[in-house]
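Everything below concerns the one structure shown next.
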Amino acid sequence: MPGDPMPDLVVVGDSHTACLHEAALAQGMQSRMLYINGNFWHENRMRPHPVLGLSAGYRAKLNRQVSAFAAAQGGSVFPQGVPCLASFGYHLGRLTPPFARQGHTPDDDHAAADDSRLFVSGAMLDAYIHHHRHALFRVLRLVSRSADLVVIAPPIIHSDPATNAIAARITQLLEAHRIRVFDPRREPGLDGPLAPHWTAADGVHGNAAYGAEVLRRLQIKGMLRAA
Amino acid sequence: MKKTPATNPYMALPPQAFWRSGVAEAGVFGLRDLWRSKWDLPADARFATFGSCFAQHISRALAARKMGWVNGEPAPAGTPPDLARQFNYGVFSARTANIYTAAQLLLILRMAAGDSAPDAAELWEAEGRVRDSLRPTIEPDGFASREEALASRSAMLRGMRRAITGADVFVFTLGLTEGWENATGQPYAVCPGTMGGQFDATRHRFVNYRHARIRADMDACLGLLRRLNPDIRLLLTVSPVPLTATASGNHVLTATTYSKSVLRAAAGEMAEDHAEVDYFPSYEIITGAPTRAAFFEPNLRSVVPQGVETVMAHFFGGLRLTDPPRHGAEAAAEAARGQAEAARLQAEDLACEEAALEAYNAG
C-alpha cells in the first residue's frame, strides 16, 4: 500500500518468482512479488515505463496490477536501492516447444544423434530469440541501469539439450547487454535436472528450498544482500 | 475405279498441333492443353520443389493454394515469415538454396542418400565466417565455424531426404549448363569470389556442361530419388530466366539460347524415356513467341507476376489429382502432435498459476 515501508527485496516475473519470494519471506526478508502469467511475458509486449518501470501495453487489467504494485513501494516496480530479482525473459515452456516441435535444435551434438532432428544455426537462434523476447530484453536493459537487478534463469526441469541451449543463449544475450544473470546451468549441483528435494509438487517449478538455495548462492556471489 | 481422297497423319491432328490454331490465333492467354500430367496422382499429392530460382514460384504457388507442398526443413514453428525468408527457410523443400546444374543436384542427392559424406564439398572461410560452397548465401552472414556449417549442411541433407520420402512428385527446375568446379570435380553453386570464397584460376575451372553429361547426371539423380522413394515421380522444368552473365566467351544471348536448349532437350528426352519423368513447359509459356517477351520485367530477365500466374494456371490445370488420397494418416499425426502440445501448455499454465497463488498465500 502507498506509504508502506520499502521492501528488502522485489521479485518480478512469471511463476518461477514464487519459490524465490517464499524463500525470502522464510529468511525474514520483506519481499514483495509481482507475478504475471508467463503467457503475458511471452507475448513480448511488456515495455519500459518512465515512472512505473513496467507497462503491459494495451492490457488494462494487467496495468492496474502493475500500478498497484508500484504504488506500494514509492511508485516504481523497481525502486532504486532495493534488490530486484527478475524471472522474466526466458519463459522456456512457451518458447521451446514450438521451436523444437519439428525436431529443431541449436545443439549440434543433439542434432547429430537423431535423424529426426534439424540443426539451427546460432545466428538463426539469436534472431528467433530476439523476435520473441526483444521487448523483455529492453525492459531488463533499462531497469538494470537504475535498479539493483539480477535476472534469475529458470531451473532445469527436463534435461533437454535444445531447451538448455536456448536458455544458455538467452543468458549470454542478456549478459551481452550488461545485465546480471544467475543461471543454474552454470552452478555446480544445479546444472542438471532439478533434484526431487528441490522440486515443487507440480513438477515444473522449484520449491521454497530451491528458492533458498538460489538466494544463498546469490548472497555468496555478492549479487544479493543478506537479510 | 473411285479415287480415294488423299490422306496423311496431319489431317487428324487436333488444333493445338498446328501453330496457326494452337498458338498464333489462340494468343498467350488462349493456349489450351499445353500440358497434361502423365500421371494420376493422389488427391492429396505432395510435391517437393528444388532447382534454380524459378522453382521458388512453384513452391509458393503450392503453399498458397494449401496444396501438398513438402517442406523437409521448415523454419522452427513461431518464426515470422520475414525472418524465415532471411534465412532461406520455406524457399525450397529443404534449405538447398538454388540448385542451378544437374551436377550440383547429383552431388547433393549423393550426400542425402549417404553415398558421399556431408563434408565432401568445400567450405569457404573468410574474415572469421564460414560459407557453404554449395549454398554460400544460405545464412545472411555465413556460419560461425566449420562445425556449424557442416551441422547446417547435414540438416539440409536430412531435410532433403524427408522431402523426397514424403513427396509423390519431385519437381526440379533446371537452370544452367554453365558452372564452376574445383580440381576434383566438385561443382559449386556459384563462381568462387562472387558470393563467397576466393577465385583461384589454378584451382577453379569453368564448365559448360554438355547434353550427354547433363543427361547422365539426371539419370543418376533419378536413380537416387527412386532409391530413397521407389514411388516418387520426377517433374522437370527449365527455368525461363536468362543467364545473368556467361563465362563461355560467347554473347550472353547465344549462350542463354544454347544453355536453355540443351536443358530443354535433356528434360524432354528424360520424359520420353522414363514413365516416371514428365516435363512441364514453364519455359515455353514465359519465353515463347506468343508473349512477345511481355512476361519479362524491363530488364528482360525477371519474370513478372502475371507470367508466374499464367505458368501456375497451366500447372494446376494440367494436374490429374484423381487417385484416392494417401496422406491422411500423416496429416492426422501432425494434428495430434499440435493438440498434445496445446494440452501440455494448458496443464503447465494451471501449474504456474497455482505456484504463484501459493506464494502470495505465504506472504
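Structural size metrics of the protein assembly as shown, computed from C-alpha coordinates, are Rg and Dmax of 30.3, 126 Å.
Assuming charge only on the beta carbon of Lys and Arg (+1) and of Asp and Glu (-1), the dipole of the range B:35-343 about its Cα centre is about 380 debye to the nearest 20. What separates the Cα centres of the range A:141-174 and the range B:218-264 is a distance of 49 Å. Compared with the dominant Cα axis of chain A, that is its longest principal axis, helix A:17-26 is turned about 50°. When each full DSSP H helix of chain B is screened for a Cα extent of at least 15 Å along its own axis and an average Kyte-Doolittle hydropathy of at least -0.5, the helices passing are B:102-113, B:146-166, B:211-228, B:252-273, B:305-318, B:328-362.
When B:TRP180, B:TRP19, B:TRP124 are sorted by how many other C-beta atoms sit within 10 angstrom of their C-beta, beginning with the fewest, the order is B:TRP19, B:TRP124, B:TRP180.
How much of the DSSP bridge set in the protein assembly as shown is antiparallel, in percent, rounded to the nearest 5? Write out the running numbers ahead of the final one.
Numbers: 14 of 48 bridges.
Percent antiparallel among DSSP bridges in the protein assembly as shown is about 30.
Computed from phi, the 3J(HN,Hα) profile of the range B:119-124 under the Karplus parametrisation 6.51, -1.76, 1.60 (θ = phi - 60°) reads 9, 7, 10, 4, 10, 10 Hz, with x in place of Gly and Pro. Tell me the GluC sites (Glu not before Pro) within the range B:116-210 that lie in a loop according to DSSP and have at most 13 other beta-carbon atoms within 10 Å. Qualifying residues, ordered by number: B:GLU127.
What average count of beta carbons from other chains do you get within 10 Å of the Cβ of residues in B:76-84? Walk me through the intermediate numbers first.
Numbers: counts 17, 7, 10, 9, 4, 0, 1, 5, 3.
What the average comes to for B:76-84 is 6.
Between the Cα long axis of helix A:208-220 and the first principal axis of chain A there is an angle of about 80°, rounded to the nearest 10.
For A:SER55, the residues 5 or more places off, or on other chains, whose built amide H falls under 5 Å of its own are A:ARG47, A:HIS49. Which of the aspartates and glutamates could be linked to B:LYS66 by a straight reach, that is with a Cα gap under 13 Å, when you skip same-chain ones fewer than 8 residues away? Answer for B:LYS66, where 13 Å is the Cα cut-off: B:ASP44, listed by chain and number. The simple spin-label model puts a point 7 Å past each Cα toward its Cβ; for B:ALA333 and B:ALA120 those points are separated by 2.8 nm. Just from its helices, what would the mean residue ellipticity at 222 nm be for the protein assembly as shown, if runs of 4 or more DSSP H residues each count -39500 (n - 2.57) and the sum is divided by every residue, rounded to the nearest 500 deg cm²/dmol? Taken over the protein assembly as shown, the calculation gives -13000 deg cm²/dmol. Going from the fewest other Cβ atoms within 10 Å to the most, the residues B:LEU109, A:LEU34, A:LEU142 appear in the order A:LEU142, A:LEU34, B:LEU109.
Taking 16 Å as the cut-off, no amide N atom of the range B:254-276 comes nearer than this to a point 7 Å along the Cα-to-beta-carbon line of B:TRP19.
Take each residue of peptide B:147-156, count the partner chain Cβ atoms within 10 Å of its Cβ, and average: the result is 5. Think of chain A as having a plus end and a minus end, set by charges on the Cβ of Lys, Arg, Asp and Glu; of A:LEU62, A:PHE137, A:LEU190, A:LEU62 sits farthest toward the positive end of this dipole.
Exposure proxy shown here: for A:LYS221, A:LYS61, B:LYS260, the number of other Cβ atoms within 10 Å sets the order, fewest to most, as A:LYS61, A:LYS221, B:LYS260. Above 31 Å, the calculated P(r) of chain B contains 42 percent of its Cα-Cα pairs.
I'd like the mean, over residues of A:99-106, of how many other protein chain beta carbons sit within 10 Å of each residue's own Cβ. Before the final figure, lay out each step's value.
Values: counts 5, 2, 8, 10, 7, 7, 3, 3.
Partner-chain Cβ atoms within 10 Å, mean over residues of A:99-106: 6.
Among A:GLN102, A:ALA26, B:THR257, pick out the residue whose Cα is farthest towards the positive end of the charge dipole of the protein assembly as shown, where Lys and Arg carry +1 and Asp and Glu carry -1 on C-beta, about the Cα centre. So the residue we want is B:THR257.
Read the figures in this text as sums done on the coordinates, not as results from a lab. No experiment lies behind these values; they were computed from the predicted model shown. When we count neighbours, we look across all protein chains shown, and the Cβ atoms used for this are built from the backbone with ideal geometry, even at glycine.
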